[in-house]
Structure formats: structure tokens, C-alpha cells
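Here is the structure we will look at.
The values are calculated or read from the model by the stated rules, or taken from the named source; none is laboratory data. All of these numbers come straight from a predicted model, not from anything done at the bench. As a convention, Cβ positions derive from the backbone with ideal geometry for all residues, glycine included, and neighbour counts pool all protein chains shown. Ligands, DNA and RNA are excluded from the accessible area calculation, which covers all protein heavy atoms including side chains. Shrake-Rupley method; radii C 1.70, N 1.55, O 1.52, S 1.80 Å.
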Amino acid sequence: QLQSKILILTICAAGIGGTFQYGYNISIINAPTSYIQTFMNETWLERTGIPLESNVILLLWSFTVSAYPLGGLTGAVVAGPMAIMLGRKMSLLLNNVFVIIAAALSGFSRMAKSFEMIMLSRFFTGVNAGVSMNVQPMYLAESAPKKLRGAVALTSASFTALGLVLGQVVGLRELLGGEESWPFLLASNVVPAVIQLTALPWLPESPRYLLIDRGDKESCISALQKLRGSSDLGAELEEMLAEQAALKGQRAKNPWELFQNPALRWQLMSIVVLSSAMQLCGNDSMYFYAAYVFQEAGIPQDKIPYVVIGTGSCELITSVTCNMIIDYAGRRPLLLGGYIFMAGWAIVFMVALSQQTQISWMPYLSMACIFAYILSFGIGPAGVTGVLPTEVFDQMSRPAAYMICGSLLWFNLFLVGTAFPFIVKSLAHFCYVPFLVVCICTALYVGFFLPETKGKSFLEISEEFKKRNFKAQTHAVFYKGPEEIKSTML
């Protein structure tokens, strides 16, 4: 069973320096918030002799926090060209340079007495996360056998959740969350990078990339043998060669070319709707609320960080569960169920928040809602969304599709992060109405328009979308001859 070991090692090596970093870096910044704000104030006082006003500190802090999604957006945009030119594996390896720069900046920021270094370091950390969020699912889904494709690509979500939880744990006061040790906390993201740099070089590149993008059949076969062992590779190789033949003479597409191509209309609609919904469904805002709700429920202030770890663990448990069932249950039921349940919990949560002061047991209900909401998100939307672009686009469109997907994801993260405090101010208890609308609309879209992709080859999925894209216009003016049709084939 050596080959399954190699596949598992590939998943772990890609994950630990990949989406793990995304989750980890989102959560380590929460613990030292007050210390870093104090540091900003003291540094400014030393430089100018005038202390900063509290609203200026807040503004500087929000710059620091939003540097992360801005870096992520940059990373998502460079990820496409990187994956095409350098290959999937090489992109993941080079991506660690950004984290090492970031760790050096934040680790020495206190010695250098410069809070600008922290902002810069958050930007570079974002770039790293942006690249890995795009390249890792692509690398893993292309390396996995068809019947395990969903589960393998989904490990990206499990690593994100693992990063979240570990970041919360490392950020505890007893470990690195104390006043003295925050530079080390921010620089601790160099450890996963080192692990990836030592492990990943020994593992194979994506066989699909080697054959279809590089046209290197020997390397492709040797990579497949490493990943699959001695089992019969004939059928899988045949399928890849068919895809290679269908894409002959084409080059990798740019994101704007996807929008112009009528043969990709439904695929694009689906990933745009789903990757926007993933951030706009309010899951990340639940973490924002967690501390407040736990406080209302009467949990002592110094115990709250430990309960928050519970919320992170919730997402971890569900994404691992989702891993096990995705290739049995299929993609659609998980997405549909996830969004329907989230809509339900959002309603209960708003009722609970509005009755928080009147009824004594309401805080416990809203606490249960937080856990239930995060569980519903983890079981479907969290993981399945990242798998879809790999499945519904062909080899030439895939990097561009991930660029669109990633850019939306980071832009919406930035949007929600900036807008949510204002939404809370203006809507108070009903701050979840916008998220509720998003969940309902997404559930409707999935129910009516998204085909199931479980257990199908890339070619079959493409055929299914072709029927949809050309349903109305089979005999219409849009028929541009065989070449137009050929480009939709996978």
C-alpha cells in the first residue's frame, strides 16, 4: 500500500504549507490585538512625543487587519500564471518565500520599533494564503484518482480548519499569546513553511499538468506510478490523453476570456455564486460575535478563549466528516443542506439576540446557534466550494477559474470585514438579515441549476454543462462551427 501512503503524504505536505497557513494566520492575529495597539501607541509616542488618539489607533489596526485580504487578493491573481508557468508543485514551494519574509518582518518589528513592519508582514502572509488557496486544491484534485477526487481536494478545507484551531491554541496566554511573546506568535507561521519545504520536493507533480500543459508523457506516467502504485493505469491514462487531444493547440486561458466564452456560461455562474456566498454567508462574522455571546451567557472573561477554541474545533470536525461522505453523498446535497440549515439557524439566532435580555435562557440558545451555524457551514459550503472549479473547468481554463474564484473570495472577505461592524450598528439584532438572504438565494441556485459532479470524469461533467450552455441556441445564430464546440470539451 505504498502508493496510498504517497498520496497521503502529498496531501499533508501540500496542506501544511498551503491552506493551513490561511486558517492559522486568520486566527493568530486575534490574541495580541490589544498588545499590538499599545505597541503602535508607544512607538508613535517615542517618535513624535504625542500619543495617538484612540480612533487613529483603531484606523491603524484596521489597516493592519485588512492588509491580509489585500495580500490574499494579490496572491489569488498571481496564482494562475504561477500554476501555469511553474507547475502546481513548484508554485507551492516558491510560495513559502512570502511567509518567510513575513515572519522576519513581524518577528523583528518590536526590535526595530516599527509597526509598519507588522502591516507589511500581514500583506505578505496574505499573498501566501492567496496563492495556496488557489494552487493547492488544483494540485490535489489533479493528483487524485477519480473516485477519491472530492475527498482529496476537500482536505484543503480540513487544513484551513486545523490552522484555525491551532492558531487559537497557540494564541492562548499560556503559550505565545502573552504581552512579551507576540512577535514570536506572529512569526510562528514560518514553522509550517519549513515543514513544507523539506517534505514536498520529494513528492510527484500533478500528472495532468505534466501531460496536458507540458506534453511530457514519461514524467506523467512516472508521477502516476508513484501516486497509484502498480495498479492498472491504462484507463486513467487514456482519459488524460483524450483530454489532451481535445485541448490540442490551445493555450491556458486568461480570466477575461472565460467571461467571453458562451460555452462556459453556467460553469462561471456557478463558481461566482458559490465563491461569493462562501464569504457572504456570515460564517466568519459568527466568530466576531462568539466572544460577545459567550460573555452574555455568563462565561467568565478569562475562560472565553478556551470556549472559542470549541467553535474552531466544530469547523474542523465537520470538514473532516464532510471529507468522508462527499464521495458518497455527492456535492449538491451537502451544499444544499448546508445553506438551508444556515438560513434556519440565522433566523433563530436573530430571535435569540433580540430576546437576549428578556429571557434568561436566551444566551444559551444563541450560543447553540453559533455552534450549529458553524457546523452547517463546515458540512457543505466550507469544503465543496473549493472543489468545484477543479471539476467544472478543463485543464486550460482551470487556473483562470481559480483566479476569478480566489479574487471574489478575498474581495468579499475584505467587504464583510469592513462592512460588518457598520451592519451591526445599523441593524442591531437583525444584523443577520443580509446573510439570511444570501443563504436562501444560494440554496435556490444550487437546487435548480447545479448538476451533480460526483464520480464523473472531467469529460462527462463538461458534456453535462455543454447541454446547458447550448440548450437554447443549438440551432440559433450562435453556432460557430466545430471549433467552438471543441473548446468546451474536457
Discussion item. Placing +1 on the Cβ of each Lys and Arg and -1 on the Cβ of each Asp and Glu in region 198-240, which of Leu237, Leu200, Cys220 has its Cα farthest towards the positive end of the resulting dipole?
Written reply: Leu200
Worksheet item: Cα gyration tensor of region 158-280, axes a ≥ b ≥ c as square roots of the eigenvalues: rounded (a/c below 1.5), prolate (a/b > b/c) or oblate?
Response: oblate
Worksheet item: Relative to the longest principal axis of the chain, what angle (0 to 90°, nearest 10) does the C-alpha long axis of helix 398-427 take?
Response: 30 degrees
Item to complete: Could I have the simple spin-label model distance between Leu241 and Ala368, label points 7 Å from Cα toward Cβ, reported in nm to one decimal?
Response: 6.0 nm
Item to complete: Over all alpha-carbon pairs in the chain, figure out the percentage whose distance exceeds 35 Å.
Response: 34 percent
Response to the item:
Farthest towards the positive end of the dipole of region 254-471, among Thr453, Ser354, Gly417 and with Cβ unit charges of +1 on Lys and Arg and -1 on Asp and Glu, lies the Cα of Thr453
Response to the item:
Quick calc, Ser426 & Arg47: beta-carbon distance into FRET formula, R0 41 Å, rounding 0.05, result 0.65
Worksheet item: Could you state the principal axis extents of the C-alpha atoms in region 120-201, from the largest down, to the nearest angstrom?
Response: 49, 24, 22
Worksheet entry | Computed label-point distance, nm, for sites Phe259 and Ala419 using a 7 Å Cα→Cβ extension | 1.9 nm
Practice prompt. Could you state the angle between the C-alpha long axis of helix 33-48 and the longest principal axis of the C-alpha atoms of the chain, as a value from 0 to 90 degrees rounded to the nearest 10?
Written response: 70 degrees
Worksheet entry | Efficiency of FRET between Ser360 and Lys113 - r from beta-carbon atoms, R0 60 angstrom, step 0.05 | 0.75
Worksheet entry | Value of [θ]222 nm, deg cm²/dmol, for the chain, DSSP H segments ≥ 4, -39500 (n - 2.57) each, nearest 500 | -24500 deg cm²/dmol
Worksheet item: So, in nm, how far is label Met90 from label Lys471 when the simple model puts each one 7 Å beyond its Cα toward the Cβ?
Response: 4.3 nm
Worksheet item: Dipole of the chain, Cα-centred, from +1 at each Lys and Arg C-beta and -1 at each Asp and Glu C-beta, to the nearest 20 debye?
Response: 800 debye
Discussion item. Tell me the accessible surface of Leu148 in square angstrom (1.4 angstrom probe, heavy atoms of protein chains only), to the nearest ten.
Written reply: 70 Å²
Discussion item. Rounded to the nearest angstrom and ordered from largest down, what semi-axes does the equivalent ellipsoid of region 254-471 get from its C-alpha gyration tensor (root of 5λ)?
Written reply: 35, 17, 15
Practice prompt. Would you work out the relative contact order for the chain, in percent, from Cα pairs under 8 angstrom that are 6 or more residues apart?
Written response: 22 percent
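Mind putting a number on the dipole of region 254-471 about its Cα centre? Charges go on the C-beta only, +1 for Lys and Arg and -1 for Asp and Glu, and I need it in Debye to the nearest 20.
Here region 254-471 has a charge dipole of around 400 debye.
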Fill in: FRET efficiency, 1/(1 + (r/R0)^6) with R0 35 Å, evaluated for Ser54 and Ala329 via beta carbons
0.10
Practice prompt. Please tell me which of these pairs span more than 22 angstrom C-alpha to C-alpha: Lys248/Lys471; Lys89/Lys146; Lys217/Lys466; Lys303/Lys425; Lys5/Lys89?
Written response: Lys248/Lys471; Lys217/Lys466; Lys303/Lys425
Response to the item:
Dipole check, the chain, charges on Cβ (K,R +1; D,E -1), about Cα centroid: among Ser54, Leu388, Thr10 the Cα furthest to the positive pole belongs to Leu388
Fill in: Phi to ³J(HN,Hα) by Karplus 6.51 cos²θ - 1.76 cosθ + 1.60 over region 430-445, Hz, x for Gly, Pro
9, 5, 8, 4, x, 5, 4, 4, 4, 4, 5, 4, 5, 4, 5, 4
Fill in: Accessible-area ranking of Glu53, Glu315, Glu452, largest first, probe 1.4 Å
Glu53, Glu452, Glu315
